[in-house]
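FYI, it's all coordinate maths here, none of it is from the lab. It should be emphasised that the depicted structure is a prediction, and the values quoted were computed from it without experimental measurement. Here the Cβ positions follow ideal geometry from the backbone for every residue, glycine too, while neighbour counts run over all protein chains shown.
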Amino acid sequence: MFKEIIDRFKAHNCCVIIPTYNNRKTVGGVIADVFNYCTDVIIVNDGATDETPGIVNSFADRATIITHPVNKGKGKALRNAFKTAVELGFDYAITIDSDGQHYPENLVDFLTESETHPEALIMGSRNMTQENVPGKSSFGNKFSNFWFYIETGLKLPDTQTGFRLYPLNSVKKKRYFTTKFEFEIEVIVKMAWKFVPFRSIP
């Protein structure tokens, strides 16, 4: 089954991007699990100061690794990864966090949705009404969703998720200014302004 999925990722010309910073407890497991589904992987070590660099470098024979000598922020890590993905000739990139909050088995769901809607930016939508979701996180997501709607006229259930599939042809045509977590809002607002379609999947 895994070979069939890996072949589908290659046919769709899609890679997986894993930004990481001080995630020594989880990053190795996330990377290893991702390789079960997609073998084209770009990892960004964003200036980690724990054991993360050694763990990341242990995958150097299988992955493309970008290393920031000092922490530059998630936005900069993603921007550099997107640039590398475009240079390597990929058409799509899925971003997945390295802290274990995203499940690599869901990569297949993004791939399936993109095969059906190839122009779309696909957002993983978390269930923010669960009992174990902190009130601060739930409020922050609602606040972000509201302002995304004000700026774009579009309603999305989860604008703060880092689990996304990007059509790189649309991403590379934009100019970006932010370098930290706010980049994930900037990029979807600018893509909405250019009428890139959005899809949300649970």
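Using a 10 Å Cβ count of at most 10 others and DSSP loop calls, identify the longest part of the chain lacking such chymotrypsin sites (Phe, Trp or Tyr not before Pro). Intermediate results must be reported in sequence, preceding the final value.
On the way: sites that count: F177, F195.
It runs 1-176.
Output the pairs from K155/K180; K25/K172; K10/K142 with a Cα-Cα distance over 25 Å in this structure; if there are none, say none.
Numbers: K155/K180 23 Å; K25/K172 33 Å; K10/K142 36 Å.
Check vs 25 Å cut-off fails for K25/K172; K10/K142.
Where the centroid of each part is defined by its Cα atoms, how far is the range 151-189 from the range 1-62 in Å?
So the separation of the two Cα centres works out to 21 Å.
With Rg and Dmax of the Cα atoms in Å defined as stated, name the option among (1) 16.1, 45; (2) 18.0, 56; (3) 16.9, 50 computed from the structure displayed.
(1)
Defining a contact as two alpha carbons under 8 Å apart and six or more residues distant in sequence, what relative contact order in percent does the chain show? Don't jump to the answer; show the numbers that get you there.
Numbers: 346 pairs, mean separation 47.8, N = 202.
That works out to 24 percent.
Determine the shape class of the range 78-126: with a ≥ b ≥ c the square roots of the Cα gyration tensor eigenvalues, call it rounded for a/c under 1.5, and otherwise prolate if a/b is greater than b/c, oblate otherwise.
Details: a/c = 2.15, a/b = 1.15, b/c = 1.87.
The shape class here is oblate.
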